[in-house]
1. Have a look at Asp20, Asp35 and point out the one that is surrounded by fewer than 19 Cβ atoms within 10 Å (Cβ to Cβ), touching a strand residue (DSSP E or B) at 6+ places or on another chain (Cβ under 8 Å) and modelled with pLDDT of 95 or more.
2. Taking region 197-216 as the region of interest, how many residues are open to solvent by 50 Å² or more (accessible area, probe 1.4 Å) and either within 21 Å of Asn15 (Cα to Cα) or in contact with a strand residue (DSSP E or B) (Cβ under 6 Å, 6 or more places away or on another chain) (or both)?
3. Please work out if Glu156 is open to solvent by 10 Å² or more (accessible area, probe 1.4 Å), without any contact (Cβ under 8 Å) to a residue 60 or more places away in the chain, out of contact with any helix residue (DSSP H, G or I) (no Cβ under 7 Å at 6 or more places or on another chain) and acidic (Asp, Glu).
4. Return the residues of region 146-189 that are under 14 Å from the mean Cα position of the chain (by Cα), among the β-branched types (Val, Ile, Thr) and closer than 12 Å to Val11 by Cβ; say none if nothing qualifies.
5. Can you confirm whether region 62-73 contains a residue that is out of contact with any Gly (no Cβ under 9 Å at 6 or more places or on another chain), farther than 17 Å from Arg30 by Cα, touching a residue at least 60 places away in the same chain (Cβ under 8 Å) and hydrophobic (A, V, I, L, M, F, W, C)?
6. Regarding Leu108, is this residue in contact with a Gly (Cβ under 6 Å, 6 or more places away or on another chain), part of a helix (DSSP H, G or I) and modelled with pLDDT of 95 or more?
Amino acid sequence: MSSKPSPSIIVFDVNETLLDIDTLAPLFARLFGDDKILREWFAQLVLYSQTMTLSGLYTSFGELGVGALQMTADIHQVTLTDDDINEFKQRMADMPAHPDAIPALTKLRTAGFRLVTLTNSASNASNTPLEKAGLNGFFEQSFSVETVEKFKPAPETYQMVAEEMSVAMSDLCLVACHLWDTIGAQAAGCQGAFVKRPYNALLPAAKVPTPGFMAADLVTLAEQIIDSSK
């Protein structure tokens, strides 16, 4: 439990935290004969998005996602077709919400917290993945890193949210299942809330910030955040 004052705005990561990327697994099973290659692809995507930011470069997350898929295919000597790429893009656009997302968001909103999202993905004018998943209505605003052309965990991404919402950094709490995201948020002055989804864990090393809130599911995490405000 966090010893800091309760945050007023809860900032949600989107991909894997709210939306279930495991729905891409059947495609990876078909292409590579192993659905766990999904995790290899995702690790490459995160690695190279952060590399682009550290190098002062920017390409949209969607383009990097396709590129990382082709890189993974090249590594495994798999030939991708246009149909494979199109199926990948469609599955990325249609990821469903995790079962705990709506109950957790409902609890937080009922308790009076302001909710926004911050994603590495590019913004869409309409029919967004959040809308398709039935989550868009919970959020006051949805932020994309494309505005600052830097990927999380660059401090500018979190600072953008604070500036746009006209609050101090400490008023924000970043909810994510990726520790690299909570580390970045906490280093920038936000609070951190970590949901321990499969394939994600804490990093036991010196000077790694420990999230103020931690739970195995979003509902329990939401309850912790609500309790901190009492």
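1. Working: Asp35 fails: touching a strand residue (DSSP E or B) at 6+ places or on another chain (Cβ under 8 Å).
Asp20 is the lone residue from the list that is surrounded by fewer than 19 Cβ atoms within 10 Å (Cβ to Cβ), touching a strand residue (DSSP E or B) at 6+ places or on another chain (Cβ under 8 Å) and modelled with pLDDT of 95 or more.
2. First, the residues of region 197-216 that are open to solvent by 50 Å² or more (accessible area, probe 1.4 Å): 198-199, 201-207, 210, 214, 216.
Then drop every residue that is not either within 21 Å of Asn15 (Cα to Cα) or in contact with a strand residue (DSSP E or B) (Cβ under 6 Å, 6 or more places away or on another chain) (or both), which leaves 198-199, 201-203, 214, 216.
Within region 197-216, residues that are open to solvent by 50 Å² or more (accessible area, probe 1.4 Å) and either within 21 Å of Asn15 (Cα to Cα) or in contact with a strand residue (DSSP E or B) (Cβ under 6 Å, 6 or more places away or on another chain) (or both) number 7.
3. On the way: open to solvent by 10 Å² or more (accessible area, probe 1.4 Å): yes; without any contact (Cβ under 8 Å) to a residue 60 or more places away in the chain: yes; out of contact with any helix residue (DSSP H, G or I) (no Cβ under 7 Å at 6 or more places or on another chain): yes; acidic (Asp, Glu): yes.
Against the criterion (open to solvent by 10 Å² or more (accessible area, probe 1.4 Å), without any contact (Cβ under 8 Å) to a residue 60 or more places away in the chain, out of contact with any helix residue (DSSP H, G or I) (no Cβ under 7 Å at 6 or more places or on another chain) and acidic (Asp, Glu)), Glu156 qualifies.
4. Thr157, Val175, Thr182
5. Within region 62-73, not a single residue is out of contact with any Gly (no Cβ under 9 Å at 6 or more places or on another chain), farther than 17 Å from Arg30 by Cα, touching a residue at least 60 places away in the same chain (Cβ under 8 Å) and hydrophobic (A, V, I, L, M, F, W, C).
6. Details: in contact with a Gly (Cβ under 6 Å, 6 or more places away or on another chain): no; part of a helix (DSSP H, G or I): yes; modelled with pLDDT of 95 or more: yes.
So Leu108 fails the test.
The values are calculated or read from the model by the stated rules, or taken from the named source; none is laboratory data. Predicted, not measured: the structure shown is a model, and the values here were computed from it. Here Cβ is always computed from backbone atoms with ideal geometry, including for glycine, and neighbour counts include all displayed protein chains. To get the accessible areas, we keep the full protein, side chains included, count just its heavy atoms, and leave off ligands, DNA and RNA. Shrake-Rupley method; radii C 1.70, N 1.55, O 1.52, S 1.80 Å.
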